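Notes for the one structure printed next.
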Amino acid sequence: MSDTTSLSSQVKKLNLADAPATPSSSSSTQPSELVAVVDDLLNQLTTKFNTVSADILAKMDSMSQRLDALESQIQAGNAAAAAETDNEDK
């Protein structure tokens, strides 16, 4: 099953809602089919989680770098202001 297949279409394909309660019926879902669908969904979720996790970590790294740069600018500005104040006091 492809990544673009939605959960609802997979459930419809397996006829989970319409399957009779008796396991001897030929139209009931085989456990192997259900396992395959669950495995596919878990793989899709794992892929999506890994993608989102990588995106979040990249954004946090970028934010950290910007904060470090901002902190450096503030410290440089404070040092310049302190030096200017010292020069005025002399």
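FYI, it's all coordinate maths here, none of it is from the lab. Being a predicted model, the structure only gives us computed values, none of them experimental. Reconstructed Cβ throughout: ideal geometry from the backbone, glycine too, with neighbour counts over all protein chains shown.
Between ALA81 and GLN65, the modelled label-to-label distance comes to 2.8 nm, taking each label 7 Å out from Cα in the direction of the beta carbon.
Decide, for the range 31-89, between rounded, prolate and oblate: order the square roots of the alpha carbon gyration tensor eigenvalues as a ≥ b ≥ c, take rounded if a/c falls under 1.5, and otherwise choose prolate if a/b is larger than b/c, else oblate. It comes out prolate by the Cα gyration axes.
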